[in-house]
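Trainee: My questions all concern the structure below.
The values are calculated or read from the model by the stated rules, or taken from the named source; none is laboratory data. Given the structure is predicted, the values throughout are model-derived calculations rather than measurements. Every residue, glycine as well, gets a Cβ built from its backbone with ideal geometry; the counts of neighbours run over all protein chains shown. Surface areas here come from the heavy atoms of the whole protein model, side chains and all, with no ligands, DNA or RNA. Shrake-Rupley method; radii C 1.70, N 1.55, O 1.52, S 1.80 Å.
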Amino acid sequence: MFRPNRSETSSRRQFLQAGGALALSAAVPAPLPRVKLGSAEVTRLVIGSNPFYGYSHFNRILDTLMREWMTQDRRIEILRRAEQAGINTWQVHYNDPTIEDLKRYRAEGGKMNWLLLADFELMKNWKLIPEVAKLNPIGIAYHGGRTDDRFRAGQMPIVHDFCKAVQDAGVPAGISMHNPAVMEYVEEHGWKVDYYMTCLYRVSRTPEEARKDFGEAPVGEIYMEKDPERMCAMIRKTRKTCFAFKILGAGRNINQVERAFRFALANIKPQDAVIVGMYPRFKDEIAENVELVRRITSEAATG
């Protein structure tokens, strides 16, 4: 019987080990691309929080179903799964339950960044900002619906003062909005804010504004097909990092998920990211969304 000599055996072993390493590396998915916000690196896919707390932006029945299913244990498990899948940032609004979830998530070893949308008591009491800053959010943004209200009422200096208070606390300050005209205003006035959160649908139109724009007002929140184009046009004009949200139209694009992701990632800047709420009750939305962002950004990078 033929027996290989020691050197041949060693060479074969090294070859098989190298092959195994290559197979293993091929099986490990590429990391999600990242963008910068201040000193933080943020994956271009950020997990949002609306489904966690029953904000469906659809109707009260879906709100209730989300709240019933999304126990705190499930919320924490979803955050863990998102982190394991490669997402490194959670965008969440300020409220007592969200702070409790954040503290538990971190106490149990969670490492994702925390991107805060100011809301509820934080909007009323700015003295809370230094205390919130101690929880190390990578950014605090003025709430989008409230921003649109301030813009409509000619009260934008209030938004500016809030951003200054956030920066005074040592945290990057952002402005969330649904109306592209808000960003145009901020840019024209040269505000030194750090980032924007930009809804791809102008859901904050009043019935009067809708009638002025379209001649009629639909029932419920307004999702117009050309709104994403209008917001993305503004996103590309600013040098600031933008976090595009509601890219799926609060579930209205559920039958064209890949198309919605492709549109958003093709029409925002390379330094921007998307925020996507996930409700993985019926399928693994986390894995699906991560795979889509990896594939679409990889295709864009290779031309």
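Trainee: When GLY251 is evaluated against the numbered criteria (1) open to solvent by 30 Å² or more (accessible area, probe 1.4 Å); (2) in contact with a Lys or Arg (Cβ under 9 Å, 6 or more places away or on another chain); (3) closer than 18 Å to ASN50 by Cα, which criterion, by number, is the only one it fails?
Mentor: (2)
Trainee: Could you tell me which residue of the range 254-283 is surrounded by the fewest Cβ atoms within 10 Å (Cβ to Cβ), considering only residues that are closer than 23 Å to ARG75 by Cβ and free of Cβ contacts under 8 Å to residues at least 24 places away in the same chain?
Mentor: My answer is PHE282.
Trainee: I'd like to verify a number: residues in the range 105-121 that are modelled with pLDDT of 95 or more and within 22 Å of ILE275 (Cα to Cα), how many?
Mentor: Residues flagged as modelled with pLDDT of 95 or more and within 22 Å of ILE275 (Cα to Cα) within the range 105-121 amount to 11.
Trainee: Select, from ILE296, ILE286, ILE222, the only residue that is touching a helix residue (DSSP H, G or I) at 6+ places or on another chain (Cβ under 8 Å), at pLDDT below 95 and buried (at least 16 other Cβ atoms within 10 Å of the Cβ).
Mentor: Result: ILE222 is the single residue among ILE296, ILE286, ILE222 that is touching a helix residue (DSSP H, G or I) at 6+ places or on another chain (Cβ under 8 Å), at pLDDT below 95 and buried (at least 16 other Cβ atoms within 10 Å of the Cβ).
Trainee: Counting only residues that are modelled with pLDDT of 50 or more and in a helix (DSSP H, G or I), which one in the range 1-58 is surrounded by the fewest Cβ atoms within 10 Å (Cβ to Cβ)?
Mentor: Filtering first and then ranking leaves TYR53.
Trainee: Let me ask something additional. Right, HIS93: surrounded by 18 or more Cβ atoms within 10 Å (Cβ to Cβ) and on the phi > 0 side of the Ramachandran plot or not?
Mentor: The answer is no for HIS93.
Trainee: While we're looking at this one, here's another question. How many residues are at pLDDT 95 or above and either hydrophobic (A, V, I, L, M, F, W, C) or open to solvent by 60 Å² or more (accessible area, probe 1.4 Å) (or both) if we restrict to the range 122-153?
Mentor: Count: 21.
Trainee: Limited to the range 161-190, what total is found for residues that are hydrophobic (A, V, I, L, M, F, W, C), open to solvent by 20 Å² or more (accessible area, probe 1.4 Å) and not in a helix (DSSP H, G or I)?
Mentor: Matching residues across the range 161-190 total 1.
Trainee: Which pairs turn up if I take residues in the range 64-79 that are at positive phi and at pLDDT 95 or above and look for partners that are open to solvent by less than 30 Å² (accessible area, probe 1.4 Å) and outside any helix (DSSP H, G or I) with beta carbon separation below 7 Å, at least 6 apart in sequence or on another chain?
Mentor: none
Yes/no matrix, rows are residues, columns are (1) under 17 Å from the mean Cα position of the chain (by Cα); (2) modelled with pLDDT of 95 or more; (3) open to solvent by 40 Å² or more (accessible area, probe 1.4 Å):
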site	(1), (2), (3)
ASP213	no, no, yes
PRO218	no, no, yes
GLU229	no, yes, yes
ARG236	no, yes, yes
LYS240	yes, yes, yes
ALA244	yes, yes, no
